[in-house]
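This report concerns only the one structure given below.
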Amino acid sequence: MATSIQDFHDDPRNAQIRIWVNGALLPREQAVVSVFDSGFVLGDGVWEGLRVFRGHPAFLDEHLDRLFEGAKAIALDIGLTREALTRAVYDTLAANAMDDGVHARLMVTRGVKRTPYQDPRAAIGPATVVIIAEFKTAKPETLEQGLKLFTVHVRRGAPDVQDPKLNSHSKLNCITACIQATQAGADEALMLDPQGFVATCNSTHFFIVRRGAVWTSSGDYCLAGITRANVLRLCREAGIPCFEKNFSLTEVYGADEAFVTGTFAGLAPVRSVDGRTIGAEGSALPGPMLARLQGLYRELIERDVAARAAA
């Protein structure tokens, strides 16, 4: 049965969480937004996912950089400073007594509209800001068995259509890719760029390992992933050859290892792509390169969280 890298085991504590909505911490059942909200009507907004370790969101500065860059690109005034958003995140964690095993989503939309119409000038108030923090971690069994990927017909678009660098609420192309992969019995969709080279997955970034080197896409047609960037950084620091480049499915099928990256699950192994087993049949997961990178990534998180705690 197909799963998802975003799957998790339900935690009963999530029924009682308090959610930050425009400055108020509300019980889950009362945390609502208007049916006229730009995010509901049009998917007009930007967001970030945050993983929390020992009470601190890892790589928060990088996530806020991307959030504010995306907001500026779509002429969206968040209405809060970085410092105010940071306090809101920590207030949400404190209100829920959250420390570890937590994933948070910070969402900003253009706010309430006077009528359900796309023109941004129809917005009649400030931005809507919501922070949902939940007790949630990736299923360990998914990480142990590895993911099955399926290459879908849905392509990553060019920037002049919808810039893939925007972490926007509008994710319909990724949703349709996910649907096609799921119906094919896979866990995640592998998406190509307009030229047919490997770009990214529907909710994660994609890497392969060939002859001791780590490859990922050129980055031209994918989100500027925080975890993706950290993996490339770790490779360079550790002297591991790494390349952002164009490569084809033929090179994927012949890879020694493959893995995906994302804030929620970190670095997760890929078992097969389009029915082709990656690496030797029956080989253990994670492979040696991924196991090394997972260890380096844990150390990087520790350094980032320690620095935030000391600040």
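The values are calculated or read from the model by the stated rules, or taken from the named source; none is laboratory data. Please read these numbers as outputs of a predicted model, since none were measured by experiment. So basically every Cβ, Gly included, is an ideal-geometry build from the backbone, and we count neighbours across all protein chains shown.
Here are some notes:
- Condition met for ILE19 (buried (at least 19 other Cβ atoms within 10 Å of the Cβ), of a type outside the set (S, T, N, Q) and touching a residue at least 24 places away in the same chain (Cβ under 8 Å)): yes
- From the options LEU143, LEU106, residue that is in contact with a strand residue (DSSP E or B) (Cβ under 8 Å, 6 or more places away or on another chain) and surrounded by 21 or more Cβ atoms within 10 Å (Cβ to Cβ): LEU106
- All positions within segment 242-254 that are surrounded by fewer than 22 Cβ atoms within 10 Å (Cβ to Cβ) and in contact (Cβ under 8 Å) with a residue 40 or more places away in the chain: ASN246, PHE247, SER248, LEU249, GLU251, GLY254
- Annotation for segment 66-78: at least one member residue is hydrophobic (A, V, I, L, M, F, W, C), modelled with pLDDT of 95 or more and farther than 29 Å from ASN230 by Cβ.
- Taking strands (runs of 3 or more DSSP E) as the structural unit, no element lying wholly within segment 81-183 holds at least 2 residues that are polar (S, T, N, Q) and either assigned by TED's automatic domain parsing to the domain that holds GLY275 or touching a helix residue (DSSP H, G or I) at 6+ places or on another chain (Cβ under 7 Å) (or both).
- Residue check, GLY279 farther than 13 Å from PHE207 by Cα and without any contact (Cβ under 8 Å) to a residue 12 or more places away in the chain: no
- Selection within segment 102-142 - without any contact (Cβ under 8 Å) to a residue 40 or more places away in the chain and under 30 Å from THR3 (Cα atoms): PRO140, GLU141
- Within segment 184-198, considering residues that are among the hydrophobic types (A, V, I, L, M, F, W, C) and not in a loop (DSSP other than H, G, I, E, B), the one surrounded by the fewest Cβ atoms within 10 Å (Cβ to Cβ): LEU192
- In segment 255-273, the residues that are among the charged types (D, E, K, R) and either surrounded by 22 or more Cβ atoms within 10 Å (Cβ to Cβ) or out of contact with any helix residue (DSSP H, G or I) (no Cβ under 7 Å at 6 or more places or on another chain) (or both): ASP256, GLU257
- Enumeration of residues in segment 9-25 that are of a type in the set (D, E, K, R) and out of contact with any Gly (no Cβ under 9 Å at 6 or more places or on another chain): ASP10, ARG13, ARG18
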